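Worksheet: one structure, shown below.
The values are calculated or read from the model by the stated rules, or taken from the named source; none is laboratory data. Because the structure is predicted, anything quoted here is derived from the model rather than measured. Here the Cβ is made from the backbone with ideal geometry for all residues, glycine too, and neighbour counts use every protein chain on show. Ligands, DNA and RNA are stripped out before the accessible areas are found, and what is left, the full protein with its side chains, is counted by its heavy atoms. Shrake-Rupley method; radii C 1.70, N 1.55, O 1.52, S 1.80 Å.
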Amino acid sequence: MEYYNYIKSLHLIFVITWFAGLFYIPRLFVYQIEAFHKPSPDKEILGIQLKLMAKRLWNIITWPSAILATVFAVWLLILQPNWLQQPWMHVKLLFVLLLIIYQLKTHQFYKQLQKDDVRKTSNFMRLWNEGATFILFAVVFLVILKSAINWVFGVIGIFVLGILLMLGFRIYKNIRRKNPNA
């Protein structure tokens, strides 16, 4: 057990880098979609650069971080099997499953955009970008509070955050409509 804190630290580091990738990749998707609708040669120049950035982020940072965070999480559960009997951990694992589903769906978007197959709008990707934020809030509250009941307050907070994000999104959209360079 003397190495427990090392395993926990590595898990946390890779969770952070995983989320960093999940926060940034939809933003790159927004830029890719917007570049796709620009005239030549901007479309081609920006498209090549943004695809390369997305490829490096996704394959060098996000996927390896997801895998390593999961490996260290399983290792922690092997070291602390009693956590699997606690209700807060069941709820946390449900959110981790949602995060994995979110990553797999994001991977589909990644593959489409790498082929210049634009099926979503930049506004959709701006909203999609918030998915990982909601999951992060839920997981952090669960881990810190270690209560399956108190997470309800966290979820209420997530909905309030969602409403605020939507309002912010609408305000920003109006600002961009008036000033496209904002």
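Table: residues versus (1) without any contact (Cβ under 8 Å) to a residue 24 or more places away in the chain; (2) part of a loop (DSSP other than H, G, I, E, B); (3) surrounded by 13 or more Cβ atoms within 10 Å (Cβ to Cβ); (4) not assigned by the TED database to the domain that holds Phe134.
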| position | (1), (2), (3), (4) |
| --- | --- |
| Met1 | no, yes, no, no |
| Ile7 | no, no, yes, no |
| Trp18 | no, no, yes, no |
| Tyr24 | no, no, yes, no |
| Ala35 | yes, no, yes, no |
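Taking the residues in region 122-176 that are among the aromatic types (Phe, Trp, Tyr) and modelled with pLDDT of 80 or more as candidates, determine which candidate is farthest from Ile100 (Cα to Cα).
Result: Tyr172.
Hey, does region 95-107 have a residue that's part of a helix (DSSP H, G or I) and at pLDDT below 95?
yes
Just the residues that are of a type in the set (A, V, I, L, M, F, W, C), touching a residue at least 12 places away in the same chain (Cβ under 8 Å) and over 16 Å from Ile48 (Cβ atoms), please, taken from region 111-128.
Within region 111-128, the first condition is being of a type in the set (A, V, I, L, M, F, W, C), and the residues that meet it are 113, 118, 124-125, 127-128.
If we keep only those that are touching a residue at least 12 places away in the same chain (Cβ under 8 Å) as well, we get 113, 118, 125, 127-128.
Scanning region 111-128 gives Met125, Leu127, Trp128.
Given the criterion open to solvent by 70 Å² or more (accessible area, probe 1.4 Å), over 21 Å from the mean Cα position of the chain (by Cα) and farther than 21 Å from Tyr4 by Cα, identify the matching residue among Ile48, Ile101, Ile78, Ile61.
Ile48
Inspect region 105-121 for any residue being of a type in the set (Ser, Thr, Tyr) and over 30 Å from Lys43 (Cβ atoms) and give the result as yes or no.
no
So the check is Cβ under 8 Å with 6+ separation or different chains; which pairs have a first residue in region 81-94 that's without any contact (Cβ under 8 Å) to a residue 40 or more places away in the chain and a second one that's not in a helix (DSSP H, G or I)?
none
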